[in-house]
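Here the structure comes first, spelled out in structure tokens, and everything after it is commentary.
The values are calculated or read from the model by the stated rules, or taken from the named source; none is laboratory data. Computed from a prediction, not measured in an experiment: that's the story for all the values here. Positions of Cβ are generated from backbone atoms using ideal geometry, with glycine treated the same way; all protein chains shown enter the neighbour counts.
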Amino acid sequence: MDNLNKLELLFERAGQASMPVFHVSDQVLAEIAARQSIQLRPWSIMAGISAAAAVIALVYTVNTWMSMTWSLAEYFDPTVLDIIL
Amino acid sequence: MNQQDRQDIDKAQNGDHEAFRRLVECYEADISRLMWRFTQSEQVCEELVQEAFVEAYFSLGSYKHKAPFVFWLKTIATRVGYRLWKRQAKERRFVQIDYVADIEAPEQKDNSDDLNRIVNTLLEKLAPADRMVLTLLYFEKCSVKEIAEHMGWNQALVKTRAYRARRKLLGIANRMQIWDELEWIT
């Protein structure tokens, strides 16, 4: 018998070694729950971005409106404003 | 795969943890046996089994019932084990130590546990990819096609790798003169 056949035989006999079985269902479910609790879902990221965009848009609009009002008041003569309003 | 498994997979894909628990209990023996090929430490092996199932849970969406569930599960488990070997190989290269113990003759002839230890000592001297292909080929009795699917390699690469890995392992075995110790094996 050549060494290659011996090697295959060695693997075959070694493959019959006893092997433990691990009962891991509880740990697996605990780990899944833990990872899910810290996992950011795509919809929550989208909701966060949308809320931030809405706040920025609101602030920008209010700011623009206020600055326009002030500049109009400065530009027009109060009597003209009286006529317009 | 039986009807119950199919139902449990569908439920687990929709986030049913109890259905996934039943799947874990059904396949933990198969996965434990496979992971034992990657380490001889019970603690590490248990962690690998857990990691394989956790990864499987988060990848369930990609399971389309095309292959048997156990085959799909073993593919994930194999990759988890392969990552461990690659990490260990990198660490060993980094610290530059001679990590492999000498081969000792088995205390008792035909003791499978001793022979398993000898084979693992030999396999540890190979690169992770070579070790992987021989482990799947000899221990798991996988075909070339199955190895290719598990590892994401093409079949030609598997054949080449298996041929070279066998040659390398024989070279190591000859250098370590293990055949004198294992003369009785013939």
Exercise for review: State which residue is nearest to the chain's Cα centre (by Cα) when the search covers only the range A:1-35 and only residues that are surrounded by 10 or more Cβ atoms within 10 Å (Cβ to Cβ) and more than 9 Å from chain B (Cβ to nearest Cβ).
Suggested key: A:Ala34
Check your understanding: Is it the case that B:Leu48 is crowded, with 22+ Cβ neighbours inside 10 Å, part of a helix (DSSP H, G or I), in contact (Cβ under 8 Å) with a residue 60 or more places away in the chain and of a type in the set (A, V, I, L, M)?
Key -> no
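Residues are listed down the side, and each one gets a yes or a no for (1) in contact with an Asp or Glu (Cβ under 8 Å, 6 or more places away or on another chain); (2) in the same structural domain as B:Asp10 (by TED's automatic domain parsing); (3) buried (at least 18 other Cβ atoms within 10 Å of the Cβ):
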{"residue": "B:Leu23", "(1), (2), (3)": "yes, yes, yes"}
{"residue": "B:Tyr27", "(1), (2), (3)": "no, yes, yes"}
{"residue": "B:Gln40", "(1), (2), (3)": "no, yes, no"}
{"residue": "B:Val44", "(1), (2), (3)": "no, yes, no"}
{"residue": "B:Ala52", "(1), (2), (3)": "no, yes, yes"}
{"residue": "B:His65", "(1), (2), (3)": "no, yes, no"}
Exercise for review: Inspect the range B:38-46 for any residue being at the interface with chain A (Cβ under 9 Å from one of its Cβ atoms) and touching a helix residue (DSSP H, G or I) at 6+ places or on another chain (Cβ under 9 Å) and give the result as yes or no.
Suggested key: yes
Review point. Just one of the numbered conditions (1) over 13 Å from A:Leu4 (Cα atoms); (2) facing chain A (nearest Cβ under 9 Å) is not true of B:Thr121; which one?
Key: (2)
